[in-house]
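Heads up: the structure comes next, in structure tokens.
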Amino acid sequence: MLNIDHCTFSYKRSGKPTIDDFSLSINEGGVYGLLGSNGAGKTTLLYLICGLLTPADGSITLDGVSTRRRLPQTMKDIFIVAEETQLPAITLKDYVRINSTFYPNFSQEDMTSHLNLFDMDADIRLDKISMGQKKKVALAFAMACNTKLLLMDEPTNGLDIPGKSSFRKFVASSMTDEKTFIISTHQVRDVGQILDHVVIVNNRRVLLDKTVSEIQEKLRFLQSEDPAIIRKALYSVSTLGGNSLVIPNDNGADSEINYELLFEYAVADPESLRNALS
């Protein structure tokens, strides 16, 4: 569905590229976690995908059409929720009335449902609410647009604990085979439960591009002080609670992914991780 082909982008003509010869394919349907540290180029990549930035080299296409052209038939299928939420000084009803016309699949019923899930009133002025409430409004509207591709940059930043829980619930409830969500975050604990595909980027490279089921099939994540288990570890980190380990999943046991440990493993020894998942 979405194809990023050898893209390079730099904010300064003579500067170091933020994205360098970057390639990635995204299939239709699913929740993709785009994981990386601050400065890894995640935000830049999202803005390139939706055509707000233009690559110096390479191309990005949605269903074969270049997103840099920002054609109406393409833009109606893409929505981006930026990390910093900026909303105009109007009522929410006016905001919905003005902006929903650009998205033919917008559902007022979905909008109301999402606002209720966030415990938000529909009768509000957008310049009279907190930053956290603005984030909730932006997410509710984005989900109600029912676009084919929804990009979210650090969507849980600014949300309180109930808000983060509600976010996970309405992402899970809104998924269909025709929708694809890309969630860029370094706060993976907030979204790990809803991911079904993981993309890890670092130093302008893709270190990992696998489904959650592929990772769980090959790897186990556990804590142990057992020397025999530690010797089997592909990657280990000493913690106050013992050793956090990544070991081969030789017996097909169910294992919840420790995304922070997975990210550290990918950065420390990407070749070992690729071999373990091959």
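Just so you know, all these numbers are worked out from the coordinates, no wet-lab data involved. In this text the structure is predicted, and so the values were computed from the model without any measurement. All Cβ positions, even for glycine, are placed from backbone atoms using ideal geometry, and neighbour counts span all protein chains on display.
Across the options SER213, ILE4, PRO162, the greatest Cα extent toward the positive end of the charge dipole of the chain (unit charges at beta carbon of Lys, Arg, Asp, Glu) belongs to ILE4.
For region 84-89, the Karplus equation 6.51 cos²θ - 1.76 cosθ + 1.60, evaluated at θ = phi - 60°, returns couplings of 8, 8, 10, 10, x, 8 Hz by residue, with Gly and Pro reported as x.
If you take every DSSP beta bridge whose two residues both sit in the chain, what share of them, in percent to the nearest 5, is antiparallel? Among the beta bridges of the chain, antiparallel pairing accounts for roughly 60 percent. Could you name the lysines whose alpha carbon sits less than 26 Å from that of LYS148, not counting residues in the same chain fewer than 8 places away? Result set, ordered by chain and number: LYS42, LYS76, LYS93, LYS134, LYS135, LYS136, LYS164, LYS169, LYS179, LYS210.
Simple point charges give the picture: +1 on the Cβ of Lys and Arg, -1 on the Cβ of Asp and Glu, and for region 2-203 a dipole about the Cα centre of about 460 debye.
The distance between label points at ILE229 and ALA89 comes to 5.9 nm (points 7 Å beyond Cα on the Cα→Cβ vector).
Charging the Cβ of each Asp and Glu at -1 and of each Lys and Arg at +1, and nothing else, the dipole of region 212-277 about its Cα centre rounds to 160 debye.
For the chain, taking Cα atoms only, Rg and Dmax work out to 20.0, 64 Å respectively.
Label positions at SER213 and ALA122, each projected 7 Å from the Cα along the C-beta direction, are separated by 3.8 nm. Across all directions, the average projected area of the convex hull around the alpha carbons of region 212-277 is 4.2 nm². Helix-only arithmetic for the chain: the sum of -39500 (n - 2.57) across DSSP H runs with n ≥ 4, divided by the residue total, places the mean residue ellipticity at 222 nm at -9000 deg cm²/dmol. The simple spin-label model puts a point 7 Å past each Cα toward its Cβ; for ARG189 and MET175 those points are separated by 2.2 nm.
When the Karplus curve 6.51 cos²θ - 1.76 cosθ + 1.60 is applied with θ = phi - 60°, which whole-Hz ³J(HN,Hα) does each residue of region 147-154 get, with x for Gly and Pro? So the Karplus estimates, Gly and Pro as x, are 6, 5, 10, 10, 9, 10, 9, 6 Hz.
If the reach is capped at under 16 angstrom between alpha carbons, list the aspartates and glutamates near LYS12, excluding any in the same chain fewer than eight residues apart. Straight-line reach from LYS12, under 16 Å: ASP20, ASP57.
Compared with the alpha-carbon gap, the fully stretched path from ASN99 to ARG70 is longer by 8.8 nm at 0.36 nm per residue. Cβ-to-Cβ counts within 10 Å put HIS6, HIS197, HIS186, HIS114 in ascending order as HIS6, HIS186, HIS197, HIS114, the fewest first.
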